[in-house]
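Scroll down for the structure; my scribbles are underneath it.
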Amino acid sequence: MTEMWTPALAGAAAGLGVAMPLGAVGVLLVQQAMRDRRGARAAASAVAFVDMVYAAVATALGPLVAAALSGVEAWVRLVSAAVLLGIAAHGLRASRHTAESAGSAEPAALPQQPQTAGRTFLRFTALTFINPTTALYFAALTTAQGAALRGAAAGTVFVAGVFVASLAWQQVLVAASGATGARASARVRTWTFRIGYGLVAAYAVKLALPLP
């Protein structure tokens, strides 16, 4: 049972890494929470659901790709780490411009009239699915950890960790937004980017070591 803690914690860290940066979908989620708390909870579940689906697909295919590249595992880890570092660097660079753009650029407005929770879930599912960074993030992560995630049990625990961590963060975001009744400030958004993409960068370094 103790050996399952490693993929569980890895999944939780991966889930937080992809969920914490407060991008366009996150801001829409905050707006939804200020208008309709019940719908916002459904939206948060939708975002976490998509993270779980991407993680599940990547976990199923990652070990297969790693097995096909047997013999060059160290280089696979380095390439995957480089991809993750690229994602982290792009996100951290974007965080520098968050404060400047927050006052002039607003995300697409949500409908003024509350919709059913089911329709809100579907809308946020579609919005999250079209984000290619999430797919690339999990593809790089699971390919590099092919051996560790080989086996149904380890893969399932990893995906569950992603879902629980992502869902917990999204629900905390909804609760905080609904309680304050105010839009997330530029400073808050900047720090969610820094912490979230900092986790991605740390994960990349962990994958790259030891060097070949």
Can you send over the solvent-accessible area of Phe124, 1.4 Å probe, protein chains only, in Å² to the nearest 10?
-> 0
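Mind checking the full-extension length gain between Ala202 and Val65? Use 0.36 nm per residue of separation minus the Cα-Cα distance, one decimal, nm.
Going from the current span to full extension adds 47.0 nm.
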Thr133 to Met4: FRET efficiency via 1/(1 + (r/R0)^6), r the Cβ-Cβ distance, R0 30 Å, to the nearest 0.05?
-> 0.60
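The values are calculated or read from the model by the stated rules, or taken from the named source; none is laboratory data. This is a predicted model, so every value here is computed, not measured. Ideal geometry is used to build each Cβ from the backbone, glycine not excepted, and the neighbour counts take in all protein chains shown. Just the protein is used for accessible areas: all its heavy atoms, side chains included, with ligands, DNA and RNA removed. Shrake-Rupley method; radii C 1.70, N 1.55, O 1.52, S 1.80 Å.
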